Structures are given as C-alpha cells and as structure tokens.
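Right, one structure below, let's go through it.
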Amino acid sequence: MGNGEYSAKVVEATRELTGKERVAIKMFTDAYQLDEITQNYEDGVLINVDYVAKVAVHNEKSDNKDYNKYIYVDKDGTMYVSGSETLYRTYQEIAEEMEDEDEDWAIKVIRKESSNYKGKYFLTCVIV
C-alpha cells in the first residue's frame with residue numbers, strides 16, 4: 001500500500017499471516033489506539049494475544065517520516081495499535097520467556113509515569 005506520500009508494510013509477525021490479515025493490519029482503521037484507550041482505563045487494557053505484527057510506515061506528512069507501528073491482535077479479533085518501542089520490547093521479553101510453556105497467558109497494557117521526564121508517560125505491559 002503506497003502512494004509515495006504514505007506507505008505501510010508488514011515487516012515482521014509472530015506467525016504467518018493471510019493476505020486478508022496483512023491488509024487489515026496495514027490499514028490501522030479498525031484498531032484501537034493503545035495510547036488513547038489506556039488513558040481511560042486505569043487498570044490497563046487486557047489483550048489475550050493471538051499474534052503481533054510490526055508495520056514499517058513511511059509518511060511524508062509526519063515530522064518523523066519513517067517509523068514503526070505494532071499491532072497486537074487479540075484472540076477475539078480485536079486489534080490494538082501502538083508506536084511504543086518500550087511496549088513492544090516488553091511484550092517480546094514476555095513472549096520469549098513463555099514460548100515453551102503450556103500455560104495460558106495474556107498481557108495487560110498499562111501507562112507508567114516516566115522517572116526521567118516528569119509528567120510524561122510511557123506504555124508497557126505485564127503478564128496476566
């Protein structure tokens with residue numbers, strides 16, 4: 001998908017995706033913005049992760065023209081999107097640790113206040 005000004009490409013996923021899944025992920029239109037919805041849910045947002053995909057975005061109209069978006073897809077089909085590298089790294093650590101486990105698990109995405117920047121928040125997750 002691209003017109004020179006904007007393009008999005010799935011560059012990584014935790015499982016093989018169908019064509020339909022790749023198209024849906026690149027559009028972002030049916031995905032909840034985690035940065036926004038975590039402001040409304042103090043207890044965090046629970047995601048029973050089916051798969052996660054990394055999408056490389058090029059957007060000429062953005063200050064930062066090249067960036068990544070991470071799509072977290074719940075087993076119920078709900079999609080969540082975030083550009084947070086911290087959230088993605090934390091998710092990867094959890095997934096890697098749980099890779100060989102038979103135990104069911106999910107993540108809860110939460111906002112944490114930055115200890116480096118007063119009044120600023122970042123997204124991370126915990127295992128549940």
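The values are calculated or read from the model by the stated rules, or taken from the named source; none is laboratory data. Not measured: the values here are computed from a predicted model. Don't worry about glycine lacking a Cβ; one is built from the backbone with ideal geometry, like all the others, and counts go over all protein chains shown. For the accessible areas, the whole protein counts, side chains as well, though only heavy atoms, and no ligand, DNA or RNA atoms are used. Shrake-Rupley method; radii C 1.70, N 1.55, O 1.52, S 1.80 Å.
For the reader, a short list of remarks on this structure follows.
- A single entry from D35, D76, D63, D50 fulfils the requirement of being exposed (fewer than 14 other Cβ atoms within 10 Å of the Cβ) and within 24 Å of I110 (Cβ to Cβ): D76.
- Looking only at residues of region 117-128 that are modelled with pLDDT of 85 or more and farther than 17 Å from D43 by Cβ, we find that the one that is most open to solvent (accessible area, probe 1.4 Å) is K120.
- Scanning region 1-32 for residues that are among the charged types (D, E, K, R) and surrounded by 15 or more Cβ atoms within 10 Å (Cβ to Cβ) yields E21, R22, K26.
- For region 98-108, the criterion of being at pLDDT 95 or above and crowded, with 18+ Cβ neighbours inside 10 Å is satisfied by at least one residue.
- Pick from region 86-120, criterion among the hydroxyl-bearing types (S, T, Y) and without any contact (Cβ under 8 Å) to a residue 12 or more places away in the chain, ranking: nearest to V49 (Cα to Cα): S114
- Residue match in region 16-30 (condition: within 20 Å of T90 (Cα to Cα) and either at pLDDT below 95 or more than 11 Å from the chain's Cα centre (by Cα) (or both)): no
- Out of S84, S114, one residue alone is closer than 30 Å to E5 by Cβ and open to solvent by less than 60 Å² (accessible area, probe 1.4 Å). It is S84.
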